[in-house]
1. Which numbered condition trips up residue B:358, out of (1) basic (Lys, Arg); (2) touching a helix residue (DSSP H, G or I) at 6+ places or on another chain (Cβ under 7 Å); (3) surrounded by fewer than 16 Cβ atoms within 10 Å (Cβ to Cβ)?
2. Take the stretch A:95-114 and flag every residue that is modelled with pLDDT under 95 and part of a helix (DSSP H, G or I).
3. Please specify each residue of the stretch A:285-319 satisfying the condition of being of a type in the set (A, V, I, L, M), within 9 Å of chain B (Cβ to nearest Cβ) and part of a loop (DSSP other than H, G, I, E, B).
4. Go through A:269, A:180 for me and flag whichever is closer than 30 Å to residue B:379 by Cα, more than 14 Å from every other protein chain (Cβ to nearest Cβ) and either in contact with a His (Cβ under 9 Å, 6 or more places away or on another chain) or without any contact (Cβ under 8 Å) to a residue 40 or more places away in the chain (or both).
5. Go through the residues of the stretch A:75-94 one by one and say whether even a single one is part of a helix (DSSP H, G or I), under 24 Å from residue A:203 (Cα atoms) and out of contact with any His (no Cβ under 7 Å at 6 or more places or on another chain).
6. List the pairs whose first member sits in the stretch A:192-203 and is on the phi < 0 side of the Ramachandran plot and in the same structural domain as residue A:150 (by the TED database), whose second member is surrounded by fewer than 19 Cβ atoms within 10 Å (Cβ to Cβ) and assigned to a loop (DSSP other than H, G, I, E, B), and whose Cβ atoms are under 6 Å apart, counting only residues at least 6 apart or on separate chains?
7. So which residues in the stretch A:234-287 are among the small types (Gly, Ala, Ser) and under 29 Å from residue A:321 (Cβ atoms)?
8. Given the conditions (1) more than 8 Å from every other protein chain (Cβ to nearest Cβ); (2) at pLDDT below 90, report the number of the one that residue A:240 does not fulfil.
Amino acid sequence: MNMKANNNNISDSTSNKMSFLKYKDTIEENDLVLAFIGRENIKPIKIKLGESLNTRYGVFPHDSMIGLKYGSQIISPKGYGFIYLLYPTPELWTLSLPHRTQIVYTPDSSYIIQRLNVINGSRVIEAGTGSGSFSHSFARTIGEEGKLFSYEFHEPRFKQAKLEFEDHNLNNFIITNRDVCNDGFEISNEPNINADIVFLDLPAPWEAIPHLKNVISNNKKVGICCFSPCIEQVVKTVESLQENGWIEIEMTSIMAKKWESRKEMVRKVDDALERLRDVMKRQKEEKDYGFNPFGKGRRVMEGDSEFEWFEVSKTGPELKSHTSYLTFAYFVPTINKE
Amino acid sequence: MSVNSAKQRSTIQKDDWAMVTMPSGGLRVVELREGGVINLGKFGQFIVDNVFGYPYGQSFEILDDKKVAPVKSLGFGLDERGGASAATEGEDSNLESEHATPVPEMKSSANNQNLIDVGEKIQKITIEEIEQMKKEGMSNEAGKLIIEKMIQSHEAFDKKTVYSQEKYLTRKQRKFTRRFTMNYLSSSALLNYLYQEKEPQRVLDMSEETLGLMMSYANVMPGGNYLVMDEAGGLIVYAMLERMGGKGSITLVHENDQPNLSALRSCGYSEEELDKVVKTINLLQFFEPETERIDLFEYTPEELELLPYPKKQQYLRKQQKAQSVNETLKKVEEGNFDGLIYVSTLSPITCVPRMLSKVGGSRPIVIYSQFKEILVGLNHVLQKDKRVLIPNIYESRVTKFQTVPGKLHPMMTSRSGGGFISWGLRVFPMDNVIAVGRGLKKRRLNNEAEAASTAAAADNTEVSLQDSKPEDTVMEPEA
């Protein structure tokens with residue numbers, strides 16, 4: 001590992017611009033804020049004097065957000081309903097970004113970053129850029145000493161991503177409008193790309209793999225991950241990797257689940273028996289309400305202190321059961337000693 | 001300096017710590033001392049200096065006299081089919097020893113119809129003979145001879161299918177080949193080593209994918225300032241140091257008098273370098289800083305000069321320690337950390353809520369447990385607490401595949417477990433929020449809140465967290 005002596009705490013620097021590569025504490029004009037409206041509704045807003053955010057809980061003027069700390073809760077002028085003002089991180093951005101393509105979600109991106117050992121200073125090739133979700137994670141992880149080379153063949157998406165990266169102050173990237181399968185990865189303004197990490201999210205990664213040899217490191221082990229939803233793509237990719245001298249080829253897939261904490265009422269059989277006896281008795285006596293151990297006929301909130309509860313967990317109604325296959329491999333450059 | 005870092009992680013050099021992978025898949029963590037010999041047991045031994053200058057990831061085979069020669073990979077037949085031709089087509093002659101053991105020219109069968117299981121009788125070579133051959137040579141050449149002999153003495157080898165022959169060969173190669181790969185000791189490599197070669201409990205059963213998920217959800221980056229509990233022997237700190245590249249700060253809270261950071265022994269940082277980034281503090285110091293501050297008697301410089309040498313040294317050491325402890329205490333009192341990463345068997349329910357005030361706004365809270373139930377309990381507490389937004393439990397599991405075109409399938413067995421994490425964000429809830437909801441115009445407000453929350457539940461897209469809280473919702477009998 002590389003060690004640097006400078007121990008600069010970048011945490012609070014109120015005069016600094018918001019960036020995905022560091023934190024700041026206080027919201028200022030032109031900062032990006034992720035407005036948390038609900039679990040499935042996180043809205044990116046750029047703070048501008050005089051503008052406001054409209055939600056079903058009311059109108060929140062930007063002016064009222066300036067000077068607040070990130071993490072603050074604000075109440076709608078209506079007096080109920082709230083939003084939280086969150087600091088942008090790649091993981092939250094993934095939940096809130098405008099989708100232009102299918103995106104790489106955190107369980108996949110975090111595994112790729114960990115397994116390929118993407119760290120401070122890594123030089124990463126990413127093709128294609130897509131919606132730029134993974135680009136943010138890469139940029140954050142490699143820091144200002146690293147460099148992200150991103151390629152997108154679709155021009156409108158390329159332009160949009162470029163604007164976004166600049167706006168988010170990812171100052172460690174070069175994005176290129178290019179079809180890498182046909183035209184390779186070389187770029188004129190950076191003769192030594194020297195990448196040690198490659199991520200290919202392309203329909204035909206096997207067409208791009210042969211072009212890599214000119215742009216990957218020639219003195220360091222290089223890691224690659226190809227991200228393809230179909231097994232047929234994986235087979236072609238593996239064959240291409242083998243033909244081009246990549247080793248330790250392994251295909252994997254990730255299954256991720258999100259669990260919510262819930263409470264389930266403890267309903268005891270003795271109570272059920274007691275209630276039945278009570279119901280029988282009341283049928284004879286024609287009385288309306290009797291022994292009611294489970295709150296029947298009432299609206300009982302989960303966790304109501306009148307009842308006993310199990311603490312349980314449950315996944316949401318839908319599971320992402322397949323995102324893509326992740327095919328990993330490595331290239332070790334040949335060193336001629338002597 | 002970044003150039004230096006790239007070099008350090010790229011090339012095998014003296015005094016590094018590295019990970020050796022053996023043909024069996026076994027792992028060793030080794031220190032590369034100049035002039036040293038590394039012994040891989042039955043896979044042979046080699047002089048360390050011979051691997052210097054090659055890139056990490058390079059595989060070698062062991063020759064006579066503990067020398068080594070680079071080879072393309074540790075993979076055998078099945079793993080690396082097709083790879084061989086590509087390597088030899090290159091300009092390089094170093095990799096001539098590519099085929100550790102070429103499959104002998106033998107007949108094979110289209111299927112296993114004529115293959116009858118007669119147990120070990122099928123192999124005419126005896127264990128004693130193999131042992132004898134092993135003694136005769138420690139080079140890869142000797143290993144090859146054993147495998148060739150075993151195939152020749154296998155009475156039904158020609159009745160196997162080509163695929164089955166290859167499988168047989170691969171199995172023998174994993175046993176008798178004298179090869180190894182020298183890898184950079186990444187946090188993943190260290191995790192796999194601790195899990196596989198030591199015991200899963202050393203890393204609290206944490207998997208590589210869960211470690212990765214934690215690092216991403218905690219937004220670990222160069223320059224960050226994190227609050228950490230690490231009961232995985234320093235593995236978490238190791239992974240963070242790797243990502244932060246020495247920039248930023250880690251405040252490690254530990255349960256015992258001294259922290260257990262044994263993993264950092266092999267991180268490649270000197271003690272002085274580590275001290276600059278990793279600040280350690282025990283729980284008592286963390287929660288009661290005012291009583292734990294060290295007040296050292298101060299000598300004037302003149303008095304200090306008059307002290308006898310050993311006493312002066314002792315005083316200076318004490319002074320340094322006091323300074324460092326007091327600085328850390330001050331840092332903790334200031335709080336505003338860029339995130340909490342909690343990996344401990346100490347009940348998070350009792351500890352995490354008491355640490356929250358030290359975490360800055362909108363910064364992530366990541367708690368690891370190998371048991372989901374513990375996190376379920378914690379999340380109930382956090383939901384009530386309201387200082388943590390969207391606390392949810394996340395689980396990630398990798399499936400690995402046998403990656404051979406035409407024979408692609410998930411591995412038959414894999415490690416289970418891997419742990420769970422709870423991820424939420426530290427927020428500042430408003431104090432008067434509930435008061436407004438419960439006070440004036442209570443009934444109207446409550447009805448509106450209920451309407452909003454039912455509407456939200458119905459379309460399942462928007463649930464303003466506060467509105468869905470039991471406290472804010474009317475509870476009355478239906479009808």
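The values are calculated or read from the model by the stated rules, or taken from the named source; none is laboratory data. This structure is a prediction, so every number in the text was calculated from the model and none was measured. When we count neighbours, we look across all protein chains shown, and the Cβ atoms used for this are built from the backbone with ideal geometry, even at glycine.
1. (3)
2. A:95, A:96
3. First, pick out the residues of the stretch A:285-319 that are of a type in the set (A, V, I, L, M): A:300-301, A:312, A:319.
Filter once more, keeping what is within 9 Å of chain B (Cβ to nearest Cβ): A:300-301, A:312.
A:300, A:301 - these are the residues of the stretch A:285-319 that are of a type in the set (A, V, I, L, M), within 9 Å of chain B (Cβ to nearest Cβ) and part of a loop (DSSP other than H, G, I, E, B).
4. On the way: A:180 fails: closer than 30 Å to residue B:379 by Cα.
After applying the criteria, what remains is A:269.
5. yes
6. none
7. If we filter the stretch A:234-287 for residues that are among the small types (Gly, Ala, Ser), which is where we start, we get A:240, A:245, A:253, A:256, A:261, A:272.
Selection gives A:240, A:253, A:256, A:261.
8. The number of the failed condition is (2).
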